[in-house]
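These notes concern the structure reproduced below.
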Amino acid sequence: MAHDEVSGHDSAASDSSAVETSRAASTGTAVIASDVVNPGEPPHRKRVTDLDPKKAKHAQRTVYTLFYLSIAGSIFALAAYMAFPIEDGDIAAIRLNNLFIGVGSALALFGIGLGAVHWGKALMADKEGIDERHPIRGTQATRDRAVEIFHEADQESGFGRRTLIRNSLIGALVAFPLPGLVLFRGWAPQDEDPVELLSHTMWKKGSRLTLDPSGIPVKASDVTIGSVFHIIPEGLNERHDLLEQKAKAAVLLMRLNPDDLTISPGREDWSYDGIVAYSKICTHVGCPVALYEQQTHHLLCPCHQSTFDVTKECEVIFGPAKRPLPQLPIEVDSEGYLVARSDFNEPVGPSFWERS
Amino acid sequence: MTSTIDRTGSGDSTPAGAAAATDNGPAKPKSGGFTAAASNYLEDRTSISGVVKEFGRKIFPDHWSFMLGEVALYSFVVIILSGTFLTFFFQASMVETHYDGAFVPMKGVEMSAAMESALHISFDVRGGLLVRQIHHWAALLFIAAIGLHMLRVFFTGAFRKPRELNWVIGFLLFVLAMAEGFTGYSLPDDLLSGNGLRIIDGLIKGIPVIGTWTSFLLFGGEFPGTAIVGRLYTLHILLLPAILVAFLALHLVFVIVHKHTQYAGAGRTNNNVVGYPILPVYAAKAGGFFFLVFGVIALMASFFTINPIWNYGPYDPSPVSAGTQPDWYIGFADGALRLIPPGWEFVWLDHTWSINIIVPVIALVGLLAAVAAYPFIEGWVTGDKREHHILDRPRNAPTRTAIGAAGVTFYAGLWAAASSDLMATHFQLSIEGVIHTIQAWVVLGPFLAFFVTKRVCIALMKKDREIVLHGFESGRIVRLPGGEYIEVHEQVDDYERWRLVDYEVYEPIMLRPNAKGQITPGMRFRSRVSRWFFEDRIAPAQQQELESGHGHHGTHGDGTDHSLEEGPGLTKP
Amino acid sequence: MARRSRKASRRHPLATVVLIAIGLVVTGGGYAAFSSTTTATADTEITSQAVIDEGEKLFAANCATCHGMSLEGTDDGPALIGVGAASVNFQVGTGRMPMAMQGPQAMQKPTQFTDEQTLALAAYVASISPGPAIPDESLLQADGDAANGGELFRINCAMCHNVAGAGGALTEGKYAPELTGVLATHIYEAMLTGPQNMPVFNDDNLTPEDKRDIITYLKYIENNPSPGGYELGALGPVAEGLFAWIFGLGAIIGLMVWLTAKSN
């Protein structure tokens, strides 16, 4: 298989004739190749380590020095492990622990790597070998025997003949994984409907708008022009499903000059004296749209740069989102706190098939 | 083993001795000593010597670009080693807990057990942060090395028969590696990974018909739920690695079965492979290289922070960080989402059609499918059923190289779009301008890249032909007796010339009626594609041209103005 | 840096605690010493008519072209009625005002006025129409609750300024600036007044203690370099990916070329 010793020219000559036969096989479209003759292996060039024993000695010294350096690196890493304990929780100590264990280990690895490669390059016998290739396809005899075996197996089992057995087996094999597949329905709760869940949030008439994350209720008078408040519904922090509810109910509250707002019919009483509340969940794929520019009144999503115009009921002015951010209708209760008039009038967040 | 070292030791000073030693064939101690006893013991129970005989002297060609696959392999080994360490400390649970560790700005903050244990690994386990960073840096390098390896295989035509299936296996490894990366990125349950999952959730919900329920099942209820980290963990450390290792083994088996390809060169033919034997040279180099790759990763991990989850904090659906991006290998998907213009969504038949999601998904799947299918497409166009073991230089397959360049341009556009916000801040541009530019780039860039690359390839082929026929410009100006100045051209030697001429060009298919005397639309289409592929080509120089070229050159009358177009080299149908 | 820190850790375990204490005392003390003069100015002299007069002159010469002689604003600049001393101190103290040219947003530049002149301008503007005052020193010591500050920072600030305060992009060429190296006073004033497109975070939204905590958090991450090593600009996965490709793979390819090159 492996030709250990091949003197370039002879083999090249014999190989190139073999190439011609293989290339004559089936080329598909016409092929133009050069008819220049392969000159064979170029003459071997000796390395300095082959020619000069002193250089070889030097290379040998380099290799074992590198291996010793590697040992030193490992020891250094062990010492660093002991010298930089981090139990006291000091950040600077963690940095040093990381740095010096890492540097020691890297030295250990580089020592072995550089040493081994240098050994292979400069000292090991510099003798190229040549392997002959054989077609990947087996010999005709082998292939014939394989076909024969299949045929015999078919005859002996009657797989092709006894069609009733065969077909019923195929049917059984198709059917048996089905129960297993169905088991994966258990990945989600059996008694819940995602469409129903996605259509509602925990906002309801009278829920106070409270600060994220403290849950302190917000008065209309607290919200000055140019402000932005990150809002969660009252009682969210007590919920066991806090994150799922927050993922739908997070709201951004802003106060603009009432003259700047364009309000469409039906939404006249959804805001209070220039204070507007919009869902913070992007209608594209659900990132929090929280970058509010108080002069341009743009809302920007940092994930995919969808931009919404708060003055135009958060319609999309740039980026991949299509729908405006849903508006939360708000009013002021008897104590002056901001409360929701109702839940959002449409599902919040990314679009989904059944949303329509 | 010992005897091998002894021999090499004695061979150091006397190279002849080394050669004599290796002449004896694979080192197999025949008698005496512990080594002999041990190898006999093994041999009697495993028949291992057969393996050594078969593979010990197997030849591997030497070229730097052949090491890229090894970089991927070694990074993967590093990932497995470091990842195993991490599993001993990581808790894949979303149970709420309060942090009480070393990092002051997180004290008392509510977070999941996953995040808490990731912080514990970083701050309370000695060397834990180093291993975490090694794991993450190695993951980035792993996928980058696979990508470069695929580009090398593509541009040199190494995917041609008999290696088409191994290309597909390699492609699957690439996809699995990305899946591994993404599941790992999501495990710490920090703000960055949580927002990444939120994007995946929105993406899945936008898929027609099955989207809503798929998301519901995946997250075990509503987003984010309490199940996803545990589920991704099972995928990340069990299912995906098992499949990955299986395909990896298959990939390597095929490399052995096929033997490695080699570049054209003197003495190299389609029927041989020239290089160094596994034992000892290749083992030393490749084995040493593992330590070098590991060393580079260790250095990166000791000096450079990666994924500082302590800055991001625990996941909460309300906050988000500026510059929220996925790791680089998912960047092309994130970029594709960013590039969609506003308004691509509508309601039809009482259902929501999120074209702004469907189009990027189709574009990405299409791109990946095209990559997987390319060997079969090119095989169909050429109809070439021969085995190919000599690699193409990229210039010698202009259309393939141009297609690759177009694909890379497209991918790069999507990739760049994922960092549009950082480009805007760092080059003081507007984000809208950056997005619009990249939109134009993604649509027009591939065509431009195709055209330019193809022309450059053909120009380079012309240059090669010119060098083969007339030598290269020596820079030496000579005045002829007649007063004329010429630049002396020097001939290349036989070995270099062979390297330049050992390639083939295909001619376009001639449209001929088949056995039934018909020309089907399929044949017509194939002939058109074949023409598009092979219409422009520069044939390799023939012996006869070479001789006439030499003669020409001998008179010294042949200057640089000799026009190639007159020669028979440029073949146009 | 490594050598110095190694020494520090050799004196472990008390050394680090002591070092931090010393560091805090030095920086805090220096800070206090430096800023006590300004507070004193603010308390005692800000009301003095001489300072207001100086501020008026400076305003007329440098600001009135755009903001109007009586702060009423023009087409080139907004009215300054009710912006308060805090706003003036931030805009002028960080060099954003006077603007070099109209653009998407006022850029940070080397300051054009001395601290005294800035305070005089602030005093003048505040004297015409009152507004948020320059914050009290006690809130600027970075001695609050970093954990609370971190949580508030992530909810209220990180979407524009990035979780590590590295800054980020806004629409139409605007951006949220980097927060490292910004004085605590200026951070506080920015939250209080909402300069340019930054929203206002009044004391009902983020209480003065909340603002102090946020400053504490920012100063903590600024003064404690990342335990993992150099941060690559704290820009996240994009910087990490570029680094892995260019330096990681670059180094490995260099090694590959050496490895496969024929030895001399």
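Mean partner shielding of peptide B:121-132, defined as the number of other chain Cβ atoms within 10 Å of each residue Cβ, is 6. Annotation: peptides C:113-120, B:59-66, ranked by per-residue average of other Cβ atoms within 10 Å with the highest first, follow the order B:59-66, C:113-120. Count Lys and Arg as plus one, Asp and Glu as minus one, and take only other residues whose Cβ is under 14 Å from that of C:Gly229; the net charge is then 0. A simple spin-label model places pseudo-atoms 7 Å from Cα toward Cβ; at A:Asp193 and C:Asn264 they are separated by 8.1 nm. To the nearest ten degrees, helix B:521-534 and the longest principal axis of the Cα atoms of chain B are 70 degrees apart. Counting only other chain Cβ atoms within 10 Å of each residue's Cβ, the peptide B:213-220 averages 5. Placing pseudo-labels 7 Å out from each Cα toward the beta carbon at A:His240 and B:Ala37 gives an inter-label distance of 6.7 nm. For the stretch B:325-330, backbone phi angles converted through the Karplus equation (6.51, -1.76, 1.60; θ = phi - 60°) give residue-by-residue couplings of 9, x, 4, 4, 6, 9 Hz, Gly and Pro being listed as x. With a cut-off of 18 Å on the backbone N, the residues of the stretch B:346-364 near the modelled label site 7 Å out from A:Ser356 along Cα-Cβ are B:346-355.
Which shape class, rounded, prolate or oblate, goes with the stretch B:235-386 when its Cα gyration tensor gives a ≥ b ≥ c as root eigenvalues, a/c under 1.5 marks rounded, and past that a/b bigger than b/c marks prolate? It comes out oblate by the Cα gyration axes.
Extending 7 Å from Cα along the Cβ direction at A:Phe150 and again at C:Glu137 yields two label points whose distance is 9.1 nm. Other residues with beta-carbon under 13 Å from the beta-carbon of B:Val529 carry, at +1 per Lys or Arg and -1 per Asp or Glu, a net charge of +3.
From most to least packed by mean Cβ count within 10 Å, the peptides B:372-380, B:310-318, B:44-52 give B:310-318, B:372-380, B:44-52. In the full protein context, chain A carries 47 Å² of accessible surface per residue, based on a 1.4 Å probe and ignoring ligands, DNA and RNA. Treating r as the C-beta distance of C:Asp203 and B:Phe427 and R0 as 41 Å, the FRET efficiency rounds to 0.60.
The mean count of C-beta atoms from other chains within 10 Å of the C-beta of residues in B:248-258, rounded to a whole number, is 0. Anything over 24 Å Cα to Cα? Flag those among A:Lys204/A:Lys248; A:Lys55/B:Lys259; C:Lys57/C:Lys109; A:Lys312/B:Lys205, in the order listed. Those over the limit are A:Lys55/B:Lys259; A:Lys312/B:Lys205. Note on B:Val478 and C:Gln102: with the Förster distance fixed at 51 Å, the Cβ-Cβ geometry gives a FRET efficiency of about 0.20. With solvent modelled as a 1.4 Å probe, how much accessible area in total do chains B and C shield from it at their shared surface, in Å² to the nearest 100? Interface area, both chains combined: 4600 Å², rounded to the nearest 100.
Expressed in units of 2.2 N^0.38 Å, where N is the residue count, the Cα radius of gyration of chain B is 1.20.
Determine the shape class of the stretch A:97-215: with a ≥ b ≥ c the square roots of the Cα gyration tensor eigenvalues, call it rounded for a/c under 1.5, and otherwise prolate if a/b is greater than b/c, oblate otherwise. Oblate shape, in that a/c is at least 1.5 and b/c is the bigger or equal ratio. Between A:Ser342 and A:Tyr81, the contour length at 0.36 nm per residue exceeds the alpha carbon distance by 88.0 nm. In chain B, the calculated helix contribution to ellipticity at 222 nm averages -19500 deg cm²/dmol per residue, counting -39,500 (n - 2.57) for every DSSP H run with n ≥ 4. In terms of the mean number of neighbouring beta-carbon atoms within 10 Å, the peptides B:244-254, B:402-412 order highest first as B:402-412, B:244-254. Relative to the longest principal axis of the Cα atoms of chain B, the long axis of helix B:164-186 makes an angle of roughly 30 degrees.
Applying 0.36 nm per residue to the separation of B:Ala440 and B:Val175 and subtracting their alpha-carbon distance, the gain on full extension is 92.6 nm. Measuring r between the beta carbons of C:Asn223 and B:Ile256 and using R0 = 60 Å, the FRET efficiency lands at 0.60. Per-residue ellipticity at 222 nm, computed for chain A from helices alone with -39500 (n - 2.57) per DSSP H run of at least four residues, works out to -12000 deg cm²/dmol. Per atom type, the stretch A:300-356 shows carbon and sulfur on 42% of its accessible surface, probed at 1.4 Å.
A simple count of charges around C:Ala166, restricted to other residues whose Cβ falls under 11 Å of its Cβ and scoring Lys, Arg +1 and Asp, Glu -1, yields -2.
The values are calculated or read from the model by the stated rules, or taken from the named source; none is laboratory data. Predicted, not measured: the structure shown is a model, and the values here were computed from it. So basically every Cβ, Gly included, is an ideal-geometry build from the backbone, and we count neighbours across all protein chains shown. For the accessible areas, the whole protein counts, side chains as well, though only heavy atoms, and no ligand, DNA or RNA atoms are used. Shrake-Rupley method; radii C 1.70, N 1.55, O 1.52, S 1.80 Å.
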